[in-house]
Amino acid sequence: MENEICTISIGNGWLDDDYTFYEDGKIKRFYDKNSFSYNITDWITPNEISDNKKLKIIENCPSDKKQIIKEKLNS
């Protein structure tokens, strides 16, 4: 596996919704579906992320990683 770029959390406080981006273009999502179904990990593609979530990811992205994450989300 390639090196990790960063992990960005867009959860709402009660439920996790974290995205880890890797240099090779892979994205790992760690999330809680609801309070009874939690700690789910999936490998996803940018096409599987809604536009609304992409905006939240970019908003919560560290400023020094923002450009590379934008590129990964648009690939």
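When the criteria are applied in full, residue 40 meets the requirement of being at pLDDT below 95 and surrounded by 10 or more Cβ atoms within 10 Å (Cβ to Cβ). Residues in the stretch 1-43 that are more than 18 Å from residue 70 (Cα to Cα), part of a loop (DSSP other than H, G, I, E, B) and not acidic (Asp, Glu): 11 in all.
Which of the residues spanning the stretch 44-75 are open to solvent by 60 Å² or more (accessible area, probe 1.4 Å), closer than 18 Å to residue 4 by Cβ and outside any helix (DSSP H, G or I)? Those that are open to solvent by 60 Å² or more (accessible area, probe 1.4 Å), closer than 18 Å to residue 4 by Cβ and outside any helix (DSSP H, G or I): 45, 63, 64, 65, 75.
The values are calculated or read from the model by the stated rules, or taken from the named source; none is laboratory data. No experiment lies behind these values; they were computed from the predicted model shown. Every residue, glycine among them, receives a Cβ derived from its backbone with ideal geometry; neighbour counts consider all protein chains shown. For the accessible areas, the whole protein counts, side chains as well, though only heavy atoms, and no ligand, DNA or RNA atoms are used. Shrake-Rupley method; radii C 1.70, N 1.55, O 1.52, S 1.80 Å.
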